[in-house]
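Presented below is the structure to which this report refers.
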Amino acid sequence: MIESEDKLSGKSEKESPNIVNADEVQDEKAQTEETQTDEIQSEDSQDKRKNAKGGKRKVVMQKVKTFFKKLLGEFDSALFPLDCTCDVCGEELVDDTRYRLCSECIEKLPFVKGHICLNCGVPLKDESDYCNRCQNQKSAFVKNRSPLVYDGEVKKLIYKLKFGKKTYIAQTLGALMADKFIECGFDSEIIVFVPMTDEEVKKRGFNQAELLAYEVGNRLNIAVLPALVKVKDTSQQKELKGKDRANNLDGAFACAFEQVKGRKILLIDDVFTTGATANECAKTLLKAKAREVCVLTAAVTQLKIPNE
């Protein structure tokens, strides 16, 4: 009996190492749960850091956008118009168009059509070669051409461009002017715009002739040269008539670049009225040895004279 008990006891001692202690099991379980908890907390922490970084990135990008919007200033609306609406009626444009104009408004615009004055390009009601404005005067420029007559909605468009700071309108007018250039077969080599004094530019914020010049130049792939400078303050041309306009501009411009020498120049302005401004600019360019000067304006006025 004693031997049997010893054998049993020995067996029990050999098997005892395989017996799992309950306390050890609980300790291991606790360690596992603690490890899992740490992993979960670590993942949460990483997610929070990612979200924090993402939030900071959004804030930085917003600040960058705000900075560049302020930097662009008045030209922001010209370069990046927020909408795509007709410049005349304001309706949303649903069809692809070369201009910022709906089809109905394009049809209503007073385009230059039919028989025109060989010099200023204004439409004529008879078969004369020149209008009364041009037949008795010799111009320094070869000719002026305009896509539009300065009337109705065209007047409003140009007013909004110049005084309403709607600089994006230069895109539409510039596209129309570029098409007119091609239609007329001009072969100009350099584009020059009618200048304003520094004070005038500061007051308005821009030179509308310069905006139009770069729109035309970009479409025709012709270089724009700021060759002319306005060296004399002048009275508002719209307040003057006839010879007073020419006298007002006498000696008002100077040529600042020699690159015009021997070149065919395209002079850009917004409106052709009596031609006094274009003529004085052309005289200045010819004195600087330009080969010839042609003029391209967005619109030409139709004066109240017998044959117009």
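Values quoted throughout were computed directly from the atomic coordinates according to the rules given, and no laboratory measurement underlies them. Worth saying up front: this structure is predicted, and the values here are computed from it rather than measured. Every residue, glycine as well, gets a Cβ built from its backbone with ideal geometry; the counts of neighbours run over all protein chains shown.
What's the FRET efficiency of Glu127 with Ile106 using the Cβ-Cβ distance as r and R₀ = 41 Å, to the nearest 0.05?
Values: r = 28 Å, r/R0 = 0.69.
Computed FRET efficiency for Glu127 and Ile106 comes out at 0.90.
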TODO: Take every DSSP beta bridge with both residues inside segment 114-300 and express the antiparallel ones as a percent of the total, to the nearest 5.
DONE: 25
Open item on the list: As I understand it, the dipole of segment 142-187 uses +1 on the Cβ of Lys and Arg and -1 on the Cβ of Asp and Glu, about the Cα centre. Which of Val149, Leu161, Leu176 lies farthest toward its positive end?
Closed with: Leu161
Task: Cross-link pairs Lys113/Lys230; Lys165/Lys264; Lys180/Lys203; Lys155/Lys203 - those with Cα-Cα distance over 23 Å - done: Lys113/Lys230; Lys165/Lys264; Lys180/Lys203
Open item on the list: If I take the Cα coordinates of segment 198-237 and project them onto the principal axes, what are the three extents in Å, biggest first?
Closed with: 34, 18, 18
Task: Cβ charges +1 (Lys, Arg) and -1 (Asp, Glu), total dipole of segment 98-257, debye - done: 500
- [ ] Treat segment 114-217 as a sphere of radius equal to its Kirkwood radius over Cα pairs and apply Stokes-Einstein at 37 °C in a medium of 0.692 mPa s; give the translational diffusion coefficient in µm²/s, rounded to a whole number.
- [x] 214
